[in-house]
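Below is one structure; the comments refer to it alone.
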Amino acid sequence: MRLDKFLKISRIIKRRSVAKEVADKGRIQVNGKLAKSSTDVKIGDVIRVQFGNKIMEAKVAALHESTKKEDAAGMYEIIQETRVENNLN
């Protein structure tokens, strides 16, 4: 499954166009490598996404073509969430 589609269906990122934009800006890694929106995602892969001041690492647990809102969180397992401090001094 494409990375942008996985992020949308799992509801890590709400819209596929936003997932593509985030990937194109170099803020997503799959298994430690910079990923494009077209990168293929498999079960067991580790996805690292940087949202502004937060970094989330999640392991792909399942792949579905579509999900209900309640089932979306079951597609991944959060490994780590970290806040990044923006020091402007």
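Just a few scattered comments:
- Solvent exposure of the chain as accessible area per residue, Å², 1.4 Å probe: 66
- log₁₀ of I(q)/I(0) at q = 0.12, 0.20, 0.21 Å⁻¹ - the chain, Debye sum with one point per alpha carbon: -0.33, -0.89, -0.98
- Toward the positive end of the charge dipole of segment 21-89, with +1 on the Cβ of Lys and Arg and -1 on the Cβ of Asp and Glu, the farthest Cα among ALA72, VAL46, ALA62 is that of VAL46.
- At full extension, LYS33 and LYS69 could sit 10.1 nm farther apart than now, given 0.36 nm per residue minus the alpha carbon distance.
- Subset of LYS25/LYS68; LYS5/LYS68; LYS33/LYS69; LYS25/LYS69 violating a 25 Å alpha-carbon distance limit: LYS25/LYS68; LYS33/LYS69; LYS25/LYS69
- Summing +1 for each Lys or Arg and -1 for each Asp or Glu among the other residues whose beta-carbon sits under 15 angstrom from that of ARG83 gives -1.
The values are calculated or read from the model by the stated rules, or taken from the named source; none is laboratory data. The model shown is predicted, which means the values in this text are computed figures rather than measured ones. Cβ: placed from backbone, ideal geometry, glycine included. Neighbour counts: every protein chain shown. Side chains are part of the model used for accessible areas, which takes the heavy atoms of the whole protein and leaves out ligands, DNA and RNA. Shrake-Rupley method; radii C 1.70, N 1.55, O 1.52, S 1.80 Å.
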